[in-house]
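Below you'll find the structure, written out as structure tokens, and then a few comments.
Every number here is computed from the coordinates shown, using simple stated rules; none is lab data. Being a predicted model, the structure only gives us computed values, none of them experimental. With ideal geometry, Cβ positions are generated from the backbone for all residues, glycine too; neighbour counts draw on all protein chains shown.
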Amino acid sequence: MNLSCIVIDDEPLAVRQMESYISRVPFLTRLESFDNAVDARKWLDDGNSVDIIFVDINMPELSGVDFVRGLENQSMVIFTTAYSEYAIEGFKLDAIDYLLKPFSFDTFERAVNKAHSVAELLALRNGANEESKVPISEHSADKECISIRADHKTTLVRYSNIVYLESAGEYIRLHLADKTKLVTLFRMKNMENELPSDRFIRVHRSYIVNIEHITGYTKGRVFLTDDEYVPIGENYKDAFTSIVDKL
């Protein structure tokens, strides 16, 4: 994911250093550099948009803090300043990071990597929200596949290739038959509703298993291979036993 950025700093040497650092990061594209926040605000007011704003805090006319307070767009902000006492104020404005001058390229790189991770998460979340408006089954190929948004793309996964699904907070981890895993932003309950009930069964609040891959079970466990198993939750035990008995 490429991210655009601008630099705002009234010190020419600081601007040149930032431009040099930015040029060394493959996913960053610098659009403009400004020696004051007033011109930067005019640039944004003219309809321009940017992903990351690197802004000095202590500047004449309009400080970096006041500039950020007036932002109406959703740009990520990384403050740069020589005065550590501004750090708390900067983080109150939900800045991604705070770089204390003079800072090394490694420090700069950690900050932009953090911004990159935030951007990826937001993109993944927005993509999942768009997909949730349309039932997954409408994306399936002959109802034998499910479309999964992961790793910056949408992948068609055959039901038969899914061994089990595991909840991981707001995410779901799909464990596949070839031992690979896919992680997607999706709620477990929604996923349970989208998967065919004759092929998948929820056995725990955090696990859904593919019935075809069940090799055995004991009290409190369902085995998917000889040495791989997931727990059976107390609230799901009766439903699981009923389905297995029918099989």
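What's the magnitude of the charge dipole for region 136-246 around its Cα centre, counting Lys and Arg as +1 and Asp and Glu as -1 at the beta-carbon? Answer in Debye, nearest 20.
Numbers: 16 positive and 17 negative charges, 48 e Å.
Using Cβ point charges on Lys, Arg, Asp and Glu, region 136-246 gives about 240 debye.
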### Task
Using the Kyte-Doolittle scale, find the helices of the chain whose mean hydropathy is at least -0.5 and whose Cα atoms extend 24 Å or more along the helix's long axis, counting only whole DSSP H runs.
105-132
### Query
Short version: what are the Cα gyration tensor semi-axes of region 136-246, square root of 5 times each eigenvalue, largest first, in whole Å?
23, 14, 14
### Summary
Which residues qualify? For I8, with a placed amide H closer than 5 Å and at least 5 residues away or on another chain, they are F34, F54, V55, D56
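Normalised by the residues of region 136-246, what does the relative contact order come to in percent, with Cα pairs under 8 Å and at least six apart?
16 percent
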### Simple label model, 7 Å out from Cα along Cβ direction - D39 to S23, nm
1.9 nm
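Figure the gain on full extension for R110 and N2 (residue separation times 0.36 nm, minus the Cα-Cα span) and round it to one decimal in nm.
On the way: separation 108, 0.36 × 108 = 38.88 nm, distance 1.60 nm.
So the chain would gain 37.3 nm between R110 and N2.
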### Query
Where the Cα atoms of region 3-130 are projected onto their three principal axes, how long is each span, largest first, in whole Å?
43, 32, 27
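Quick check for me: using +1 on Lys/Arg Cβ and -1 on Asp/Glu Cβ, what's the dipole size of region 3-130 about its Cα centre, in debye to the nearest 20? List each step's numbers first, then the result.
Details: 11 positive and 22 negative charges, 77 e Å.
Here region 3-130 has a charge dipole of around 360 debye.
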### Message
So if each residue of separation counts as 0.36 nm, and I subtract the Cα-Cα distance between R16 and T218, what length gain in nm does that give?
### Response
66.1 nm
### Task
May I ask you to list the GluC sites (Glu not before Pro) in region 184-236 that are in a DSSP loop and have at most 16 other Cβ atoms within 10 Å of their Cβ?
E228
